[in-house]
Amino acid sequence: MTRTFDELVAEADSVSVDGWDFSWLDGRATEQRPSWGYQRLMGERLARVDAALDLQTGGGEVLAGVPVLPPVMAATESWPPNLARATALLHPRGAVVVADSDEPPLPFADAAFDLVTSRHPVTVWWDEIARVLRPGGSYLAQHVGPASAFELVEFFLGPQPPEVREGRHPDGARKAAGAAGLDVVDLRPETLRMEFLDIGAVVYFLRKVIWMVPGFTVAEYRDRLRDLHRIIAADGLFVTHSRRYLIEARKPA
């Protein structure tokens, strides 16, 4: 029997969105993965350094999936539920998880790390990254690109101005990294297909990725959610496109 709009929304509005695990969406939404395989690249680099820092680690799931961690491994996170989850995952691996407000300064000494990593950071403080890197060290990250999932964002918020659509552009990251004294040695953008197969998946996604539709609640957007439910029922899915880029920036030796 087909589940109703109210049933799908109520379920998705009640489930926990702690951590950075999206397995609840299995069978309900899909997202094409970038060709470079960020976790694999991250693991290769971590296996070759003595000290590393993972910024905005979320629930620690990406870092915890890496085969080998360096002798000194630190991670930062600001959201308390994620802090608890990351601590449970990473402490047994010998990594320390530090509560941090995601604002300068980072709570680490100058030149403390050979490698700084981050997957989908909300903010990037380039001067602080440069400060905590040792000479010859690198920042390796996967960033969210401009206008990511904007077919979905603009369905709820309406057309966004150019300055919003062009925010998070890789050209801006290259310029900011250079201004902090880092040399960008790799920069690869990709556009990736996302599919939402039911309205519950949309609700879960917007509750979890809170910057997509700021202040999103089911109560506030119920009418628009119902409109989108009808589209999914008619077409079988709703398609949007995420944008990602891999960036590596190196501190001169």
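What the table shows:
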| read-out | value |
| --- | --- |
| Test: ARG33 is in contact with a strand residue (DSSP E or B) (Cβ under 9 Å, 6 or more places away or on another chain) and touching a residue at least 60 places away in the same chain (Cβ under 8 Å) | yes |
| Single unsatisfied condition, LEU115 versus (1) within 30 Å of LEU206 (Cβ to Cβ); (2) among the hydrophobic types (A, V, I, L, M, F, W, C); (3) assigned to a strand (DSSP E or B) | (1) |
| Every residue from segment 124-145 that is in a loop (DSSP other than H, G, I, E, B) and in contact (Cβ under 8 Å) with a residue 24 or more places away in the chain | VAL124, GLY145 |
| Failed criterion for GLU154 (all others in (1) more than 30 Å from LEU8 (Cα to Cα); (2) of a type in the set (Asp, Glu); (3) without any contact (Cβ under 8 Å) to a residue 12 or more places away in the chain hold) | (1) |
| Test: residue in segment 53-67 that is more than 27 Å from ASP114 (Cα to Cα), touching a residue at least 12 places away in the same chain (Cβ under 8 Å), touching a Leu at 6+ places or on another chain (Cβ under 7 Å) and of a type in the set (A, V, I, L, M) | no |
| Segments classed as helices (runs of 4 or more DSSP H), wholly inside segment 146-220, with at least 1 members that are aromatic (Phe, Trp, Tyr) | 150-157, 199-208 |
| Condition met for ILE231 (out of contact with any helix residue (DSSP H, G or I) (no Cβ under 7 Å at 6 or more places or on another chain), under 30 Å from SER16 (Cα atoms) and part of a helix (DSSP H, G or I)) | yes |
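Read-outs: derived from the displayed coordinates by stated rules, not from any lab. The structure displayed is predicted, hence computed values, not measured ones. Virtual Cβ from ideal backbone geometry, glycine too; neighbours counted across all protein chains shown.
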